[in-house]
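This report refers to the structure that appears directly beneath it.
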Amino acid sequence: MSEVFCAMLCALGMECSGLRASGVSVPVCTMRPLFHSPVHDDAVDEDRVPERGLLTVPDEVWTLAVRRAEVIGPLAEAGTAGEEAVNAAAAQLGVSRRQVYVLLRRWREGRGVVSDLIPGRSSGGRGGQRLAAEVEAVIREVLRKHYLTRQRRTTAAVHREIGQVCRARGLPVPSRGAIVRRIAGLDPHAEKIAREGADAARALESAGGQVPPIAEVLEQVQIDHTVVDLIVVDERHRMPIGRPYVTVGIDVFSRCIVGLVITLEAPSALSVGLCLAHMVTDKRAWLERLGVEVSWPMAGKPGELYLDNAAEFKSEALRRGCEEHGIALRYRPPGRPHYGGIVERVIGTLMEMVHELPGTTFSNPAQRGSYDSEARAVLTVAELEKWLALAVASYHGQVHGTTGQTPQARWAAGIERGTPMMVANETAFLVDFLPVIRRTLTRTGFVINHVRYFSDALKPWIARRDRLDRFVIRRDPRDISRIWVLDPDGASYLPVPYRTLSHPAVSVWEHRAAVQRLREQGRAQVDEEMLFRMVEQMRTLTDTAASATRKARRDAERRSRTGGAPPAKPAAAPPPDDIPADGASSARAADAGSAAPFEVIEQW
């Protein structure tokens, strides 16, 4: 075994020879979760996370803001905007030169994200959608039927057709300029395919057969998952619980690993969000919590994520979150696996290093032979995370075969051209990537999967709930004791805890298992008290059986890493079942009844 691995294992408190379980003496050092639990904070306003339109503006308005950012962002970064550059931007966006300067000022005075350029909602000023919804519907319909066809009708002909349809329906006829702006807002690639065919649109795609060149640090980051070739043990009994998963993000230019997450859950959109949060923040605090003294300065917001076509990479939360923070999403072309080869190679390198650890499963059964992986397993998930941090630091110092430089040196040379943009508020960033749920507010708060949530901060909204649409809610699957509710104005997210504060924090996976167990027992109706009693019974059973079955030990370990069951805090009495409100008793009965069926927005 090399000296590098000996140093890593010694840092974990293990003996280099024999690697006996008794040699593990390092105290468990887990990464502090981004969301502490239970979360019953009185200072609600301080916990608010701003929201600037990711899920509250119509798709066509958001598309316009994205297009503006694509033009205004580079113009602002160039420094002084000359007359020629401003004229070109005005032509691209179909606006006046004055409006370009307005957008430039908004971008520079804002945070440099897409939502800075969302058209004003009340003024309906120039560049916004001022036409009636019925007229917009006619425009979309005619463009689809007559413009986006192989007939390739002219703008004038399409405008005449729209005028005829509007007059027949008694609607005002839009100007030709309005039609020109709607056409300019179409996706050029989709428009080319519809009007001229796939062969004509090929010029708008990247070069076939060759991965587009990357010239800057964090210009492109590739992310992928894999199951680790290692059996890990639980913290309590030090007995095998199976193989964990790792999500890795690599900077294509420098070949540095910029994000890494270890979970016991199968890959999901949450894994991607956690990897992104790890990528964009300073890693020094995380390394201190692990107790590892290494240098890992690689961090920053990527310009583009390059992903495969798995379902977790196409969620609504990931798409909107990346658009908000100016991160482009691109997917590997089908049939061209070499496009994602960089991240797959670095994962392969990490797995080769893992093969030298006790408890490895190697790459396949033939390679494993008679090696008893479970009997040799000694590392916990926390210790594996610590080992991987050491392994990554070692990898960054080795010369890369393709670049001819160490990843660390190439990163240092790359950031001399400009410091990568960091994220200060890790929690606010991660909230933008959490799963989305939409619910109607009742007098007793929100109900999500048989669990009620309430906060005093909801009372002003409860009084006018009849005039409000469904609320946008985000929830961390690792700990459902708190949800994040977007206020009706779309300005910030408000943390809202369980209505019954004595309930333990649970993960969404533990919650689903309890509901399934109740269904198996023939319970047609599931209420909240019954649900949490089942959670406690399952936990007791798991703790009792932890030394007997691997699945029970794995479940217990998952619970401990996702917020588990912390002691309940003493708190004020929960709100009454009925908050006084105007209306007949029948309305009160309707509000107090069961919630609407669960609507699955995203799969986890």
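The values are calculated or read from the model by the stated rules, or taken from the named source; none is laboratory data. All values reported here derive from a predicted model rather than from experimental measurement. With ideal geometry, Cβ positions are generated from the backbone for all residues, glycine too; neighbour counts draw on all protein chains shown. What goes into the accessible areas is simple: the full protein's heavy atoms, side chains included, and nothing from ligands, DNA or RNA. Shrake-Rupley method; radii C 1.70, N 1.55, O 1.52, S 1.80 Å.
Scanning segment 453-483 for residues that are closer than 14 Å to T500 by Cβ and either touching a helix residue (DSSP H, G or I) at 6+ places or on another chain (Cβ under 6 Å) or assigned to a loop (DSSP other than H, G, I, E, B) (or both) returns F454, S455, I480, S481.
The residues of segment 519-536 that are in a helix (DSSP H, G or I) and more than 20 Å from R558 (Cβ to Cβ), listed by number, are R519, E520, E528, E529, M530, R533.
Just so you know, in segment 217-238 the residues that are open to solvent by 60 Å² or more (accessible area, probe 1.4 Å) and either in contact with a strand residue (DSSP E or B) (Cβ under 9 Å, 6 or more places away or on another chain) or at pLDDT 90 or above (or both) include one that is farthest from L305 (Cα to Cα), and it is R238. Inspect segment 398-409 for any residue being out of contact with any helix residue (DSSP H, G or I) (no Cβ under 8 Å at 6 or more places or on another chain), among the small types (G, A, S), assigned to a helix (DSSP H, G or I) and open to solvent by 50 Å² or more (accessible area, probe 1.4 Å) and give the result as yes or no. Within segment 398-409, not a single residue is out of contact with any helix residue (DSSP H, G or I) (no Cβ under 8 Å at 6 or more places or on another chain), among the small types (G, A, S), assigned to a helix (DSSP H, G or I) and open to solvent by 50 Å² or more (accessible area, probe 1.4 Å).
One residue stands out in segment 152-186 among those that are in contact (Cβ under 8 Å) with a residue 40 or more places away in the chain and among the aliphatic types (A, V, I, L, M): the one that is nearest to G197 (Cα to Cα), namely L186.
Exactly one residue among F471, F429 is out of contact with any strand residue (DSSP E or B) (no Cβ under 6 Å at 6 or more places or on another chain) and surrounded by 17 or more Cβ atoms within 10 Å (Cβ to Cβ), and that residue is F429. Scan segment 484-502 for residues that are touching a strand residue (DSSP E or B) at 6+ places or on another chain (Cβ under 7 Å) and among the small types (G, A, S) and jot them down. Hits for segment 484-502 are A491, S492.
A200 - would you say it is open to solvent by 40 Å² or more (accessible area, probe 1.4 Å) and either at pLDDT below 85 or on the phi < 0 side of the Ramachandran plot (or both)? Answer is no for this residue.
Of the set (1) touching a Ser or Thr at 6+ places or on another chain (Cβ under 9 Å); (2) small (G, A, S); (3) open to solvent by 40 Å² or more (accessible area, probe 1.4 Å); (4) not in a loop (DSSP other than H, G, I, E, B), all apply to A393 but (3). Under the condition of being in contact (Cβ under 8 Å) with a residue 60 or more places away in the chain and open to solvent by 10 Å² or more (accessible area, probe 1.4 Å), which residue from segment 496-510 is farthest from F454 (Cα to Cα)? Going through the qualifying residues, I end up with W509.
In this structure, is L350 touching a Phe, Trp or Tyr at 6+ places or on another chain (Cβ under 8 Å) and in a loop (DSSP other than H, G, I, E, B)? Considered against the rule, which asks whether it is touching a Phe, Trp or Tyr at 6+ places or on another chain (Cβ under 8 Å) and in a loop (DSSP other than H, G, I, E, B), L350 comes out as no. When we screen R195, R130 for residues that are open to solvent by 70 Å² or more (accessible area, probe 1.4 Å) and either touching a strand residue (DSSP E or B) at 6+ places or on another chain (Cβ under 6 Å) or of a type in the set (K, R) (or both), the only hit is R130.
Please determine whether any residue of segment 106-119 is under 22 Å from A65 (Cα atoms), surrounded by 17 or more Cβ atoms within 10 Å (Cβ to Cβ), small (G, A, S) and touching a Gly at 6+ places or on another chain (Cβ under 6 Å). Checked against the condition, which is being under 22 Å from A65 (Cα atoms), surrounded by 17 or more Cβ atoms within 10 Å (Cβ to Cβ), small (G, A, S) and touching a Gly at 6+ places or on another chain (Cβ under 6 Å), segment 106-119 yields at least one hit.
E374 meets all of the listed conditions (1) of a type outside the set (G, A, S); (2) modelled with pLDDT under 85; (3) surrounded by fewer than 16 Cβ atoms within 10 Å (Cβ to Cβ) but one, namely (2). Please determine whether any residue of segment 348-356 is under 30 Å from T419 (Cα atoms), aliphatic (A, V, I, L, M) and modelled with pLDDT under 85. Looking through segment 348-356, none of the residues is under 30 Å from T419 (Cα atoms), aliphatic (A, V, I, L, M) and modelled with pLDDT under 85.
Candidates in segment 436-459 are the residues that are more than 23 Å from E529 (Cβ to Cβ) and modelled with pLDDT of 90 or more; of these, the one that is surrounded by the most Cβ atoms within 10 Å (Cβ to Cβ) is A457. With respect to S175, is the statement that it is of a type outside the set (A, V, I, L, M), open to solvent by 50 Å² or more (accessible area, probe 1.4 Å) and at pLDDT 90 or above true? The answer is yes for S175.
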